[in-house]
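See structure below.
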Amino acid sequence: MADEVIYINGENPVVTVDQGQYTDDTLLHVVYQDWDSVLNVTNESGSSDVLGIDVNVPLKVAGVTNLNVGEGAHVKLESLLVQYVHVTGAPPAVYNYSIADGGTLEMAPQFVGQVIVHDLQVPYSSQLNIDFGGSGTSTLIFDTGDLGLSPSSSYTYPELIGMSGGDQLIIPGATSFTYEDGTLRFQNSAGGYVAFFNASGLDPDEIHFENGVMTYACYLKGTHIATPDGETRIEDLKAGDQVLTASGGTATVKWLGHRTLRRQRIPAKDAVRAFPILFKKDSIARNRPHRDLLLSPGHHVYFDGALIPAMLLVNGRTIIQQFDMKVFEYFHIELEQFDIVLAEGVPAESYVDTGNRAMFQNASAVALHPDFVPAEGRPHIEGITVERSGPVVEAVRKRLLQRAQVLTQSARVTDPDLRVEANGQEIRAQNGSPQEGVIRFALPAGAARGDVRICSRSAVVRETSVRARRDLRQVGVGLARITIEEQGIRRDLDLLDAQLGGLHAPQDAYGVAMRWTNGEAVIPAALHGIRGPAVLELHVLRTYSYWGDALQRAA
């Protein structure tokens, strides 16, 4: 194992290291030579390695040490060497640790034992504060090994601060827990204690514990499913329970599958098939859903005999994919026979085993790296068709787009509001408000001093189209040519020039090479080379359909 030593002292009171600069077998020896010093661990490169740290505190009196685990970083505290001497009646040594969004802090038994277990014969005291940041995406792995803990005065109860929806607390060896009077206690299968925490303010109803993992208020939990006795949260259902079906009948729950996903572990190519789809209240019809509803992208919603994947219904206004969610947990209900259940009043499919059962954490065989590709082999169901394109999907999308316009007081418009900006000045086209064709802009002499920006409305391709699309590009206008006329001389800019910014890759448009802007393309000064007054011509081959609000329409 490679070793490296870092000193934190008065000359360097705040030290930042990037986890990606170290391999998985590195042990970082961190020596806190002054109290109130800070170590920040980031993960700018998105490394999947774990950074091992050995903490050394060679000071004479007690004080405060700080460690901040950044977004996506994974730090394992291997051990703690304490060399200072406590004075009777002196304040305790304080260890402040924080975990940012998607960060993981792991504490090995050698570290845990040194911080929290005290010999009563020695005047030793400490305080361990672990701050989850209140963002709901942090993980603490607290491994006490064979320390043999007991609830005595010689044991420091770590303080858990800022726990919120999606945070995870992993206690190896724990099989049960209790939460009373603000204290979490974890026990193993033999009844011995393996961890204690002070964690005031938690809602006991939002604590989920399974296989040594405590998750607080997981995302996507709480979806209400209609049952003969009223609505029940999906995570509270169990085999044998009855649920209502969209046809008015009842069905029996056979199995409830669940899986937790974390943003930093989802490959970019799988994002559209992994992140939840939010259906805002009333987005489908009046009181449907009657609360905001989150579904997995491949979950099928029922429309008059057709099942349509949620991902094909996104419109960016009332049905939105939640790419910013850091941690989320999916549940799926399997019935004794396939049927349509009611989730927040929305008819949606029950689970069908098409070979993807291993996607779930509680399946007999779990896929370590789940495949997000839509499952093949869905069985034929009489009277129900699965639609992923064509007139049925287009009719549903058109209806939902129209409803979105009413609910949000917005409209799909075709005017791109094309304009350019030069030296901070907005310039409108000479030929009115055209949408396609050759658009001319008179650039002042001051344009020579900086970049020229091509600005317009823009839209995500799949959000405003009646056709079902999976294209996530943000498009403004489609350019086939850029021309500059200066002092009577016309010259073309190379549309493929790498210096151009804010343009998508070229595509063939009926034999013409065209590039979509993203709504704010940039022609750098070094490329346009304008020296005085000039005319910029944009050959616009295509425009798109854009969302415009009520004020824009009125204008």
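The values are calculated or read from the model by the stated rules, or taken from the named source; none is laboratory data. Being a predicted model, the structure only gives us computed values, none of them experimental. Ideal geometry is used to build each Cβ from the backbone, glycine not excepted, and the neighbour counts take in all protein chains shown. SASA here: full protein model, heavy atoms, side chains in, ligands and nucleic acids out. Shrake-Rupley method; radii C 1.70, N 1.55, O 1.52, S 1.80 Å.
Within the set Lys238/Lys326; Lys76/Lys238; Lys238/Lys269; Lys238/Lys280, which residue pairs have Cα atoms separated by over 30 Å? Going by Cα-Cα distance, Lys76/Lys238; Lys238/Lys269 fall outside the 30 Å limit.
For the stretch 322-345 and the stretch 409-431, what is the separation of their C-alpha centers, rounded to whole Å? Centre-to-centre (Cα) distance: 42 Å. Applying the Kirkwood pairwise sum to the alpha-carbon positions of the stretch 449-506 produces a hydrodynamic radius of 13.9 angstrom.
Protein heavy-atom accessible surface, 1.4 Å probe, per residue over the stretch 262-344: 38 Å².
Computed from the Cβ-Cβ distance with R0 of 25 Å, the FRET efficiency linking Ser125 to Asn12 stands at 0.35. Computing Rg and Dmax of the Cα atoms in Å for the structure here picks out one of [x] 25.7, 79; [y] 29.5, 94; [z] 27.3, 83, namely [y]. Reported to the nearest whole Å, the Cα centre-to-centre distance from the stretch 223-258 to the stretch 36-76 is 46. Distance between the modelled labels on Ala395 and Ser200, one decimal in nanometres: 6.1 nm (7 Å Cα→Cβ projection).
Taking 0.36 nm per residue of separation and subtracting the Cα-Cα distance, full extension of the segment from Glu4 to His290 would add 97.3 nm. Surface calculation, 1.4 Å probe, protein heavy atoms: Glu159 sits at approximately 70 Å² accessible. The residues of the stretch 390-454 have, on average, 51 Å² of accessible surface per residue, using a 1.4 Å probe with all protein chains present.
Helix-only arithmetic for the chain: the sum of -39500 (n - 2.57) across DSSP H runs with n ≥ 4, divided by the residue total, places the mean residue ellipticity at 222 nm at -2000 deg cm²/dmol. Judged by the gyration tensor of its Cα atoms, with axes a ≥ b ≥ c, the stretch 228-309 is oblate; a/c meets the 1.5 cut and b/c is at least as large as a/b. Here the Karplus curve 6.51 cos²θ - 1.76 cosθ + 1.60, taken at θ = phi - 60°, turns the phi angles of the stretch 535-540 into couplings of 10, 9, 10, 10, 8, 8 Hz, with x standing for Gly and Pro. Roughly how many whole Å is it from the C-alpha centroid of the stretch 474-544 to that of the stretch 172-205? Using only Cα atoms, the two centres lie 62 Å from each other.
Maximal additional length on extending the Asp146-Arg470 stretch stands at 111.5 nm, based on 0.36 nm per residue less the C-alpha distance.
Round to a whole number: what % of the accessible area of the chain belongs to carbon and sulfur, probe 1.4 Å?
On the way: 12040 of 25200 Å².
Reported share for carbon and sulfur atoms: 48 percent.
Between the residues Gly248, Val301, Ser389, the greatest Cα displacement towards the positive end of the dipole of the chain, with unit charges on the Cβ of Lys, Arg, Asp and Glu, is found for Ser389. Peptide packing: for 518-526, 387-395, the average count of neighbouring Cβ atoms within 10 Å per residue gives the ranking 518-526, 387-395, highest mean first.
When the alpha-carbon atoms of the stretch 448-555 are used, the pair Rg, Dmax equals 15.4, 48 angstrom.
Nearest 5 is fine: what % of DSSP beta bridges in the chain come out antiparallel, could you say? Numbers along the way, then the final one.
Values: 98 of 156 bridges.
Bridges in the chain that DSSP calls antiparallel: roughly 65 percent.
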